[in-house]
1. Restricting to the range 1-29, and then to whatever is within 20 Å of residue 54 (Cβ to Cβ) and of a type in the set (Ser, Thr, Tyr), can you tell me which residue is nearest to the chain's Cα centre (by Cα)?
2. Restricting the range 42-55 to residues that are surrounded by 15 or more Cβ atoms within 10 Å (Cβ to Cβ) and either part of a helix (DSSP H, G or I) or on the phi > 0 side of the Ramachandran plot (or both), which is modelled with the highest pLDDT?
3. Within the range 6-27, which residues are among the β-branched types (Val, Ile, Thr) and modelled with pLDDT under 90?
4. Output the number of residues of the range 16-31 satisfying the condition of being out of contact with any Lys or Arg (no Cβ under 6 Å at 6 or more places or on another chain) and surrounded by 12 or more Cβ atoms within 10 Å (Cβ to Cβ).
Amino acid sequence: MSQIYDLRSALELLKTMPGQYVETDVPVDPKAELSGVYRYVGAGGTVKRPTQIGPAMMFNNVKGHPGAPVVIGVLASRA
């Protein structure tokens, strides 16, 4: 297993694991859409919380924050 020493190395490891990393360039509103998208796409849809299901998600196009991507779900438990 690869050594994880920072966020970048953690994301690189997740990219090698099927189903554990999703990245999107679709514009999202940080106040109205970001958490909702993760809830239904990243965190296993309507699965009862807490859950171990779902990937980390990288949002590359956050409205009002050019050049500042947001990642959610990196610290989620992975079975």
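The values are calculated or read from the model by the stated rules, or taken from the named source; none is laboratory data. All values reported here derive from a predicted model rather than from experimental measurement. Positions of Cβ are generated from backbone atoms using ideal geometry, with glycine treated the same way; all protein chains shown enter the neighbour counts.
1. 21
2. Selected residue: 54.
3. Residues of the range 6-27 among the β-branched types (Val, Ile, Thr): 16, 22, 24, 26.
The answer is 22, and nothing else.
4. First, pick out the residues of the range 16-31 that are out of contact with any Lys or Arg (no Cβ under 6 Å at 6 or more places or on another chain): 16-20, 22-26, 28, 30-31.
Next cut, surrounded by 12 or more Cβ atoms within 10 Å (Cβ to Cβ) only: 20, 22-24, 28, 30.
The number of residues fulfilling the criteria is 6.
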